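The values are calculated or read from the model by the stated rules, or taken from the named source; none is laboratory data. Keep in mind that what you see is a predicted model, and the values were worked out from it rather than measured. Because the Cβ atoms are built from the backbone with ideal geometry, glycine has one as well, and the counts that use them run over all protein chains shown.
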């Protein structure tokens, strides 16, 4: 068994499957969320209009989001009403199963979400003001 001296292993030495990001050419990772999930699919906004997301700690742009319009709201409400016709007929067990699958997806994305929220808040990741996972508790 080979031992590693303390401080001799750098993140850059790790293979990518251990979480190391590929090298970036001096550009910070940007989060752009420009589509809406409506009617079971990702769709473009009816009237494209974006907003820069600013990291308050660095005052730099850390992403972009789309701003919804009345037309987007109308489209989402119409899709929700249509979905309700079949969803309202599902059993308690089917709904619990759906919620469990949703929680499982959130769990898969917990670290990514934590990093994004931390950056948007401008809080150091180790601080007490850093976000806690809103889905940490399970529904029973």
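Here is a yes/no grid of residues against (1) surrounded by 12 or more Cβ atoms within 10 Å (Cβ to Cβ); (2) outside the structural domain of residue 123 (by TED's automatic domain parsing); (3) assigned to a loop (DSSP other than H, G, I, E, B); (4) modelled with pLDDT of 95 or more:
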| site | (1), (2), (3), (4) |
| --- | --- |
| 9 | no, yes, yes, no |
| 46 | yes, yes, yes, yes |
| 58 | no, yes, yes, no |
| 94 | no, no, no, yes |
| 112 | no, no, no, no |
Query raised in the report: Is it fair to say residue 79 is surrounded by 12 or more Cβ atoms within 10 Å (Cβ to Cβ) and either in contact with a helix residue (DSSP H, G or I) (Cβ under 9 Å, 6 or more places away or on another chain) or closer than 30 Å to residue 46 by Cβ (or both)?
Result: yes
**Report entry** Unique match (being touching a residue at least 40 places away in the same chain (Cβ under 8 Å) and in contact with a helix residue (DSSP H, G or I) (Cβ under 9 Å, 6 or more places away or on another chain)) among 68, 63
**Finding:** 63
